[in-house]
Amino acid sequence: MTRHPLEDLLNADAVDILSAIQKGHRAVVDVKGKLAEFFLEKKLEAFKQQGVVEDYQWFDRDGVPDFVIKFRGRELWMECKNIRSKELFRKPHAYKVELQKTRNSKDGTNTRGYKVAEFQVLAACLFNHTKRWDYLFVCTRHLKRRTTAREFLEIMQPVPLKPEPPWRTDLVEVLAEAQVKR
């Protein structure tokens, strides 16, 4: 059997690596986040092969959106987040997705919040409730804003339990909507 490059990098076999991840709650959360991005990247790659999107890039850096997608001649930025595992909104009855960056700035100022203009599309991965790598997509302009700072998105956003506008399962529809300036 062929070894994965990560086994060589960490000088450990796959079972030991997976066992170590399983022992750490934060490690499992991090891996689920990366898997949500990984499976979304597979969807984007299929769209690229079909000619639906012209190109895309997947980033893993602070201060940069998860994906930059070239769609119909325009770049669109997309963030991918997992819905919360246990918490639901009561009114409306919905999943919750947390929109915060992982880290504050190096000088200690709070920079975890997202500004409305930082991305045009949100992909909310439903795995934590459905155990499937399915997504609901929405244009950022439909998300709730903070009442005290309208340029920032609310940290906790409701995601419907079933697709209903403006949330969709069809990413291409949301990319097309995101292209329309408002």
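For a quick check of your reading of the model, give me the residue pairs whose first member lies in segment 142-153 and is exposed (fewer than 13 other Cβ atoms within 10 Å of the Cβ), whose second is in a loop (DSSP other than H, G, I, E, B), with beta-carbon atoms closer than 7 Å and at least 6 apart or on different chains. If the second residue must be in a loop (DSSP other than H, G, I, E, B), the pairs left are 144/154. Checked against (1) surrounded by 15 or more Cβ atoms within 10 Å (Cβ to Cβ); (2) touching a helix residue (DSSP H, G or I) at 6+ places or on another chain (Cβ under 7 Å); (3) closer than 23 Å to residue 118 by Cα, residue 31 passes all but a single condition, namely (3).
Yes/no per residue for (1) under 23 Å from residue 59 (Cβ atoms); (2) of a type in the set (Val, Ile, Thr):
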site: 74; (1), (2): yes, no
site: 87; (1), (2): no, no
site: 100; (1), (2): yes, no
site: 119; (1), (2): yes, no
site: 136; (1), (2): yes, no
site: 140; (1), (2): yes, yes
site: 163; (1), (2): no, no
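Of the residues 166, 158, the single one that is in a loop (DSSP other than H, G, I, E, B) and either in contact with a Cys (Cβ under 9 Å, 6 or more places away or on another chain) or within 15 Å of residue 98 (Cβ to Cβ) (or both) is 166. Could you tell me whether segment 100-119 includes any residue that is surrounded by 14 or more Cβ atoms within 10 Å (Cβ to Cβ), modelled with pLDDT of 95 or more, at negative phi and in a loop (DSSP other than H, G, I, E, B)? Scanning segment 100-119 turns up at least one residue that is surrounded by 14 or more Cβ atoms within 10 Å (Cβ to Cβ), modelled with pLDDT of 95 or more, at negative phi and in a loop (DSSP other than H, G, I, E, B).
Among the conditions (1) free of Cβ contacts under 8 Å to residues at least 60 places away in the same chain; (2) in contact with a strand residue (DSSP E or B) (Cβ under 9 Å, 6 or more places away or on another chain); (3) in a helix (DSSP H, G or I); (4) surrounded by fewer than 16 Cβ atoms within 10 Å (Cβ to Cβ), the only one that residue 46 does not satisfy is (2).
The values are calculated or read from the model by the stated rules, or taken from the named source; none is laboratory data. Because the structure is a prediction, the values reported are computed rather than measured. Reconstructed Cβ throughout: ideal geometry from the backbone, glycine too, with neighbour counts over all protein chains shown.
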